[in-house]
Amino acid sequence: MKVQSTVIKYGDHVDTDVIIPARYLNTTDHAELASHCMEDIDGDFKKKSETSKVIVAGRNFGCGSSREHAPIAIKASGIELVIADSFARIFYRNSIDIGLPIVECPAAAAAIRDGDEITADLDSGIITDVTTGETFTAAPFPPFIQEIISCGGIAAFVRRKMEA
């Protein structure tokens, strides 16, 4: 899988409460969740996510409560990839479960700036900051995680396996 886009950049410790505020957790409508994604940390996120499909962040992205709504809101916003220095473990698992690709790459997270254009080849783990020409290497997903992501999440992956 390859992703090319400009970047929306955030810092360290972006928690699930700012990814999707608790006041919106009474809905399971993905479009409704997307409409409120990041609004407490970035009032322009909705507009930015119309053209930028990659979030780059610092340490411990997705920390806080274990709400599944957070990666759902991000994915429903049109974000195709999150690159961070590190992720909270439950957020990492929830993201893979819904088919949202997330990549830990501290060097890329530190160097890539807001608005930079990047390309990311998730099969090889190569991330290129097209704006600066820098290249970074992240560990590629194992084949079974690549398949879960390409299916759109664990539920679709299991359905495909059951049908086969």
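Just so you know, all these numbers are worked out from the coordinates, no wet-lab data involved. Only a predicted model underlies this, so the values are computations on that prediction, with no experimental measurement involved. So basically every Cβ, Gly included, is an ideal-geometry build from the backbone, and we count neighbours across all protein chains shown.
A few notes on this one:
- The modelled label-to-label distance for the pair D17/R159, using points 7 Å beyond Cα in the direction of Cβ, is 3.6 nm.
- The length gained on full extension between E134 and A107, counted as 0.36 nm times the residue separation minus their Cα-Cα distance, comes to 8.7 nm.
- Partners for K47 among lysines (Cα-Cα distance below 19 Å; same-chain residues under 8 apart left out): K9, K75
- Simple spin-label estimate for I126 and Y24 gives 3.6 nm between the two label positions (7 Å along the Cα-to-Cβ direction from each Cα).
- Farthest positive-ward along the chain dipole, Cα basis, beta-carbon charges - from G115, S65, G153: G153
- Dipole in debye (nearest 20) - the range 17-164, about Cα centre, beta carbon charges: Lys, Arg +1; Asp, Glu -1: 460
- Beta bridges by DSSP in the range 30-126, antiparallel share as percent, to the nearest 5: 10
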